[in-house]
Amino acid sequence: MAVTEQQLQTLKDRARRIRIDILKMLTDCGSGHTGGSLSAADIATALYFYKMKYDPRKPGWKERDNFILSKGHAAPLLYTVLAQAGYFEHAELCTLRKIGSRLQGHPDSKCLPGVEISTGSLGQGLSVANGLALAHKLDKAPNRVYALLGDGELQEGQIWEAAMTAAHYKLDNLCALVDNNGLQIDGPVAKVMGVEPITDKWRAFGWEVLDVDGHDMEKIVTALDKAETIKGKPTMIVCRTVKGKGSKCFEGKVEFHGTTPTKEELATAMKELEEGVCK
Amino acid sequence: MFHGGNVSKIATRDAYGDALVSLGKKRNDVVVLDADLSGSTKTAKFAKAFPDRFFNIGIAEQDMMGTAAGLAIGGKLPFVSTFAVFATGRAWEQVRQSICYPNLNVKIVATHAGVTVGEDGGSHQSVEDIAVMRVIPHMTVIVPADGPETLQAIEAVAEYQGPCYVRAGRNKVPTVCPENYRFRIGKAHVFNEGKHAAIIATGIMVAEALKARDQLKAEGIDAGVINMSTIKPLDRDAVIAAATRCGAIVTAEEHSIIGGLGGAVAEVLAESAPAPLVRIGLKDTFGTSGDGEGLLKHYGLSAGDIAAAVKEAIKKKKS
Ligand SMILES: Cc1ncc(C[n+]2csc(CCOP(=O)(O)OP(=O)(O)O)c2C)c(N)n1
Ligand SMILES: [Mg+2]
């Protein structure tokens with residue numbers, strides 16, 4: 001079923017509000033990961049507000065789809081999405097990274113409902129997603145599993161071990177996505193340790209691979225729909241994105257990996273995001 | 001007295017970055033590897049000065065350890081850096097199999113150890129690294145207390161033949177070691193011997209131990225302070241002497257009380273000089289998000305906590 005114009009508009013509006021919340025909470029907190037939260041905002045919006053099945057009042061609901069944030073440093077994105085989806089009060093966002101908060105610097109499944117598993121050490125999420133997908137297969141259950149990876153994260157060897165496992169066990173209930181923003185901490189991915197050609201690699205590992213503009217909501221939801229129809233192998237959606245997407249202040253700037261906005265940058269960004277409402 | 005005037009403050013990771021550059025000037029066999037954290041670990045300073053001898057392996061810590069092993073066989077002196085949790089956790093078996101088992105000359109210098117990593121939270125706060133490095137045969141384990149001691153420790157491990165693990169922190173710390181202090185691998189530094197109890201501390205906890213000592217003095221308690229910057233090989237003689245002299249020991253570390261300094265000291269005491277012991281450290285728990293200073297208090301790692309532990313140890317002695 002094709003997505004309607006109105007649905008798309010609602011999703012774009014949602015992504016904009018998610019970016020606004022991310023920036024506010026990060027500015028308020030003074031530490032955290034800006035660039036990689038913003039680059040994946042459209043992807044997470046499509047997953048949580050279009051594709052995935054879940055019930056925020058019953059985080060442990062058996063029939064839910066699972067989302068694993070393998071690039072755990074994008075916690076501000078996950079928290080914003082979970083708050084807007086109704087897992088917890090929006091007001092709790094301001095406790096980010098404070099002693100006693102459920103909103104840890106990296107997602108902690110011990111304390112925050114909606115977080116499937118604690119992450120933060122890169123390269124481990126896809127293996128966990130495989131395990132969940134295998135469990136659903138054993139149960140003959142229709143649940144789907146989604147995992148979001150960073151492009152720098154693809155440098156971890158465990159990712160490629162998991163890539164083999166997923167294809168070997170024909171995990172067609174698994175869909176992974178790469179936030180292919182071209183940057184990591186020490187610079188451009190291509191300069192630090194090249195990972196291209198990403199699509200060819202996943203194809204060679206036995207995956208169905210879709211390559212989309214990770215800021216084009218229609219393309220993202222179409223790819224997510226398509227992934228559901230692929231049988232006998234897992235699907236990887238390579239999302240071409242811009243790190244820091246949402247404001248000129250942060251876009252494509254490597255230093256905004258782990259730096260938070262100043263008050264002035266926040267004001268500029270708010271203006272840009274607000275003006276983009278009816279785009 | 002270290003905290004009388006305006007003590008200089010430098011993070012041990014900054015001292016490491018500077019030490020690498022001066023080492024690089026002196027020796028052209030020195031090579032440095034990092035895993036996409038060179039700005040944070042400060043190896044970026046070396047990378048800038050000697051781009052041909054710096055290798056960014058990307059986010060691939062296991063691969064990095066193996067590569068360092070190969071470089072060592074090839075006659076180079078590799079320094080390998082990333083956050084402590086990844087260097088010692090993610091790549092543990094590579095460190096064991098490819099570096100320690102063949103006894104290769106690789107120096108692992110990890111930064112962002114302990115809870116003072118702060119806001120990044122428990123996933124990034126290494127509180128087990130001393131334990132898991134100490135247990136590997138051939139490995140030497142060093143935890144410098146301040147900037148100047150880090151500089152000396154880096155020079156010392158460069159001279160030493162064999163695998164070494166040096167633990168550095170993220171935040172600025174006061175200089176505690178005296179000006180004429182000379183670091184030697186395996187040798188503890190005794191600030192003052194003490195009479196009623198001795199505090200054996202390592203890393204950033206040495207500064208807290210000195211503060212605790214001064215607090216206790218006002219209450220008429222004479223506590224000795226020992227900087228145990230080499231955890232392995234442990235200066236057993238210093239531990240035995242302190243236990244014999246004072247009859248009560250407190251250990252203090254920014255690490256789990258299991259398997260680290262407290263564990264190592266407990267082993268010596270139990271075997272050679274039984275005395276009451278109270279261990280300050282994380283009590284079998286992970287870290288959490290928060291500001292570094294606040295977390296030290298949260299986990300009972302402040303000077304006040306050490307002072308209380310000293311009194312507890314003394315009480316145990318009397319009963
Ligand atoms: C195992 C491990 N090594 C190193 C780090 C430190 N680290 C956090 S984010 C990051 C860069 C991630 O780059 P990428 O995957 O491209 O993420 P994005 O650009 O989406 O933020 C690194 C090296 C980590 N979290 N885990
Ligand atoms: Mg990236």
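The values are calculated or read from the model by the stated rules, or taken from the named source; none is laboratory data. In this text the structure is predicted, and so the values were computed from the model without any measurement. Neighbour counts run over all protein chains shown; Cβ positions are idealised from the backbone, glycine included. We work out accessible area using only protein heavy atoms, side chains counted, and drop any ligands, DNA or RNA first. Shrake-Rupley method; radii C 1.70, N 1.55, O 1.52, S 1.80 Å.
Of note:
- Under 5 Å, built H, 5+ apart or other chain: amide partners of B:Val250: B:Ala198, B:Ile199, B:Ile200, B:Val278
- Residues of the stretch B:218-251 with amide N under 12 Å of the 7 Å Cα→Cβ point at B:Asn192: B:218-226
- Sorting A:Glu255, A:Glu272 on solvent-accessible area from highest to lowest, probe radius 1.4 Å, gives A:Glu255, A:Glu272.
- Dipole in debye (nearest 20) - the protein assembly as shown, about Cα centre, beta carbon charges: Lys, Arg +1; Asp, Glu -1: 800
- Helix axis angle, B:147-159 relative to chain B longest principal axis, alpha carbon, degrees: 50
- Taking label positions 7 Å along the Cα-Cβ direction at both B:Arg184 and B:Tyr160, the computed distance is 1.3 nm, reported to one decimal.
- Contact order normalised by residue count of the stretch B:10-174, Cα under 8 Å, 6+ apart, percent: 28
- Reduction of at least 30 Å² in accessible surface, 1.4 Å probe, comparing all protein chains with the chain by itself, residues of the stretch B:88-125: B:Arg90, B:Glu119, B:Asp120, B:Ser123, B:His124
- Burial annotation for the stretch A:79-112: residues with an accessible-area loss of at least 40 Å² between the isolated chain and the complete set of protein chains, computed on heavy atoms with a 1.4 Å probe, are A:Arg97, A:Ile99, A:Gln104, A:His106.
- Per-peptide packing, taken as the mean over residues of other Cβ atoms within 10 Å, places B:95-104, A:142-151 in the sequence A:142-151, B:95-104 from highest down.
- Between the amide H of B:Ser126 and those of B:Val85, B:Gly114, distances stay under 5 Å, these residues lying 5 or more places away or on another chain, with hydrogens modeled in the peptide plane.
- Partner chain coverage, peptide A:148-159 - average Cβ within 10 angstrom: 3
- Computed over protein heavy atoms with a 1.4 Å probe, the accessible surface of the stretch B:10-174 works out to 31 Å² per residue.
- Sites listed here are trypsin sites (Lys or Arg not before Pro) in the stretch A:55-94 whose DSSP assignment is loop and whose Cβ has at most 11 other Cβ atoms within 10 Å: A:Arg57, A:Lys62.
- 0 to 90° range, to nearest 10: angle between helix B:261-272 axis and chain B longest Cα axis: 60
- In sequence order, calculated HN-Hα J values of the stretch A:189-196 (Karplus, 6.51, -1.76, 1.60; Hz; x Gly/Pro): 3, 5, 8, 6, 6, x, 10, 6
- Element breakdown for the protein assembly as shown at a 1.4 angstrom probe: carbon and sulfur atoms account for 53% of the accessible area.
- Note on A:Ala91 and A:Asp225: the model spin-label points, each 7 Å out from Cα along the C-beta direction, lie 4.0 nm apart.
- Taking the Cα centre of chain A as reference, the dipole from Cβ charges on Lys and Arg (+1) and Asp and Glu (-1) amounts to some 520 debye.
- Rounded to the nearest 500, the 222 nm mean residue ellipticity of the protein assembly as shown from helices alone is -11500 deg cm²/dmol, with -39,500 (n - 2.57) taken per DSSP H run of at least 4 residues.
- Residues B:Thr140, A:Thr268 ordered from highest to lowest accessible area at a 1.4 Å probe: A:Thr268, B:Thr140.
- Computed on chain A, with alpha-carbon pairs under 8 angstrom and 6+ residues apart, the relative contact order is 24 percent.
- Within chain B, the longest run free of exposed loop sites, counting GluC sites (Glu not before Pro) that sit outside DSSP helix and strand states (H, G, I, E, B) and have at most 15 other Cβ atoms within 10 Å, spans B:1-178.
- Each Cα pair under 8 Å and six or more residues apart adds its separation to the average, and for the stretch A:6-93 the resulting relative contact order is 34 percent.
- The residues of chain A have, on average, 41 Å² of accessible surface per residue, using a 1.4 Å probe with all protein chains present.
- Net charge dipole size for chain B [Lys, Arg +1 and Asp, Glu -1 on Cβ; Debye, nearest 20]: 600
- The B-A contact accounts for roughly 1800 square angstrom of buried accessible surface, both chains included, probe 1.4 angstrom.
- Cα-projected label distance for A:Thr10 with A:Asp200, points at 7 Å along beta-carbon direction, nm: 4.2
- Between B:Val21, B:Phe50, B:Ala252, the Cα set farthest toward the positive side of the dipole of the protein assembly as shown (charges on each charged residue's Cβ, about the Cα centre) is that of B:Ala252.
- Since only A:Thr119, A:Phe250, A:Gln6 are under comparison, the one whose Cα sits farthest along the positive direction of the charge dipole of the stretch A:5-277, derived from C-beta charges on Lys, Arg, Asp and Glu, is A:Thr119.
- Cα extents of the stretch A:5-277 along the three principal axes, largest first (Å): 50, 44, 41
- 19 Å cut-off, amide nitrogen to a point 7 angstrom out along A:Ser109 Cα→Cβ, residues in the stretch A:65-86: A:65-83
- Taking the charge dipole of chain B about its Cα centre, with +1 at Lys and Arg Cβ atoms and -1 at Asp and Glu Cβ atoms, the residue from B:Ser123, B:Thr230, B:Phe286 reaching farthest to the positive side is B:Thr230.
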